[in-house]
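Notes follow the structure.
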Amino acid sequence: MKKIPLYLKIILGMLLGVIFGVVVIQFSGGVQFTKDWIKPFGNIFINLLKLIAIPLILASLVKGVSDLKDISKLSRMGLRTVIFYLFTTVFAVSLGLGIVNLVKPGKAISEETRTQMLQTYGVQATEKQTEAHSQKEGGPLKFVEDIVPDNIFKATSTNSTMLQVIFFALFMGIALIMIPPGRAKPVVDFFDSFNDVVLKMIDIIMKGAPYGVFALMAALVAESPGFEIFMALGKYAITVLVGLIILIFLFYPTIIYLFTRRNPIQFLKQISPAQLLAFSTSSSAATLPVTMDVTENRVGVDNEVTSFVLPIGATVNMDGTSLYQAVAAVFIAQAFGMDLSLGAQLGIIATATLASIGSAAVPSAGMVMLVIVLGQAGIPEAGLALIFAIDRPLDMVRTVANVTSDCTVSTVIAKSIGKLDDPKHSL
Ligand code: ASP
């Protein structure tokens, strides 16, 4: 029998999961059954992916940087990475603002729906606000300060400090270039084979992906709130989705075509396993191992580039998140009958860009940081309750945009420094 490609198996897993969820909620006790017996397998799958993220960053970044042999290459690549990531994010926020001002979804919210949402989701919204405020404490340079770990074991012990691990791996890779090659060799060799082991582990984990996504989708459907809520927030959801779809299917493919002259449809097909996983896990961090795998092996980006550009991208480059934050902020303002001035909207471009950089690569992190965007623009933070019910499905799609952006930027950078080859093999 012909081998079914992984991405098709994942799609099949997702579809069956949705069907299972729809059927099971018809039975009494179905939701509880899914929570108790199906959801844990989805969580195990996400845990396995996250488990591998830190070892992967460490191994591949130390190896990737030491392979560069020369530090000036690193700074050239670093500068391009920062410029490109910023450009795509600012574009995404501006696109979001354009669409939300055009569609005006907030005007469609009735007084009654608003009050009902504020009552139903008020408590959860307050929790997110508290979370955001505790992150906001500290001076303007706190963000930079937080990148430098004071203890590497502590930094590697939690997935929320990935930037610290990236910092350490870069630092170590640079030091390895600076010592005589003969002295560096044992350490480089170690990280080289460590990297191979980690890649093998990812291969093994991915064999379970179709089952993992089945469980995740089944749990999502079984636990989702009623259909009426989706209807009430339909216009807002469609506004966010239209923006995200433009990014994923128009903006990135155009960039790929313009900068690399590759076939954009082919490109989307090559990265599809990462996109599907982003969709089902809602986490760029959990998707990172597969993002690296597909960009390297299916798109053909050299490991020197993927090991540097992708882990940084997964943590700081979140175009989908920034677009969503812009739309959500203006939507809430509209729903509260506020008219935002041009100045306030320009402010949103800046804060949503920064807030998306500061968002962790985990489910619903974008909503936590949205609190900061709202605060800066003078929009009532309690408005978070309005968008709570529909956040998860939007999170799934914005994570796809985040991951697609990372793949796009790494491909463009690889092309610009002559590190884009023909694909090696398919996942
Ligand atoms: N879930 C998103 C990610 O991991 C972050 C967010 O927008 O909530 O990329």
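The values are calculated or read from the model by the stated rules, or taken from the named source; none is laboratory data. Small disclaimer: the values here were computed from a predicted structure and weren't measured. Because the Cβ atoms are built from the backbone with ideal geometry, glycine has one as well, and the counts that use them run over all protein chains shown. In case anyone asks, the SASA skips ligands and DNA or RNA and just uses the protein heavy atoms, side chains included. Shrake-Rupley method; radii C 1.70, N 1.55, O 1.52, S 1.80 Å.
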Please report the carbon-and-sulfur percent of the accessible area for segment 1-98; probe 1.4 Å, protein heavy atoms only, DNA, RNA and ligands left out. 74
Quote the Stokes-Einstein diffusion coefficient, in whole µm² s⁻¹, for segment 171-303, based on the Kirkwood radius over alpha carbon pairs, a temperature of 25 °C and a viscosity of 0.890 mPa s. 134
Express in Å², to the nearest 10, the accessible area of ASP150 obtained by rolling a 1.4 Å probe over the protein heavy atoms while all chains stay in place. 130
What percent do you get for the relative contact order of segment 103-193 when only Cα pairs under 8 Å and 6+ apart count? 14
Only helices counted: for the chain, with every DSSP H run of 4 or more residues adding -39500 (n - 2.57) and the sum spread over all residues, [θ] at 222 nm is -25500 deg cm²/dmol
The number of Lys pairs in segment 1-96 whose alpha carbons lie under 29 Å apart, excluding pairs fewer than 8 residues apart on one chain, is 9
Options VAL240, ILE204, ALA222, ranked by Cα towards positive dipole end of segment 98-242, top entry (Cβ charges): VAL240
Whole angstrom only: what separates the Cα centroid of segment 223-273 from the Cα centroid of segment 19-86? 19
What size of dipole, in debye to the nearest 20, comes out for segment 289-427 about its Cα centre when the only charges are +1 on Lys and Arg C-beta atoms and -1 on Asp and Glu C-beta atoms? 80
Which peptide among 337-348, 401-412 comes first, and what is the full order, when sorted by highest mean count of other Cβ atoms within 10 Å? 401-412, 337-348
Can you compute log10 of I(q)/I(0) for the chain with the Debye formula, treating each Cα as one identical point scatterer, at q = 0.06, 0.07, 0.08 Å⁻¹? -0.25, -0.34, -0.44
Portion, in percent, of the accessible area of segment 185-270 that falls on carbon or sulfur, probe 1.4 Å: 73
Values of log10 I(q)/I(0), in the order q = 0.15, 0.20 Å⁻¹, for segment 251-308 under a Debye, Cα-only, solvent-free model: -0.44, -0.77
Defining a contact as two alpha carbons under 8 Å apart and six or more residues distant in sequence, what relative contact order in percent does segment 279-400 show? 36
Which whole-number percentage describes the relative contact order of the chain, with Cα contacts under 8 Å and a sequence gap of 6 or more? 31
Under a 1.4 Å probe, counting only protein heavy atoms, ILE25 has an accessible area in Å², nearest 10, of 70
Among all the lysines, which ones have a C-alpha under 24 Å from LYS104's C-alpha, if same-chain residues fewer than 8 places away are not counted? LYS235
Using a simple charge model, +1 on the beta-carbon of Lys and Arg, -1 on the beta-carbon of Asp and Glu, nothing else, what dipole does the chain show about its Cα centre, in debye to the nearest 20? 960
Quick one: if you stick a label point 7 Å off each Cα along the C-beta vector at ILE265 and GLN124, how many nm between them? 3.9
So how many Lys-Lys pairs in segment 109-207 land under 28 Å Cα to Cα, not counting same-chain pairs under 8 apart? 8
Could you pull the Cα extents of segment 361-418 along its three principal axes, largest to smallest, in whole Å? 49, 25, 13
Given PHE33, VAL368, PHE279, which one lies farthest toward the positive end of the charge dipole of the chain, if we put +1 on the Cβ of every Lys and Arg and -1 on the Cβ of every Asp and Glu? PHE279
Hey, can you find the accessible area per residue of the chain for me, probe 1.4 Å, expressed in square angstrom? 44
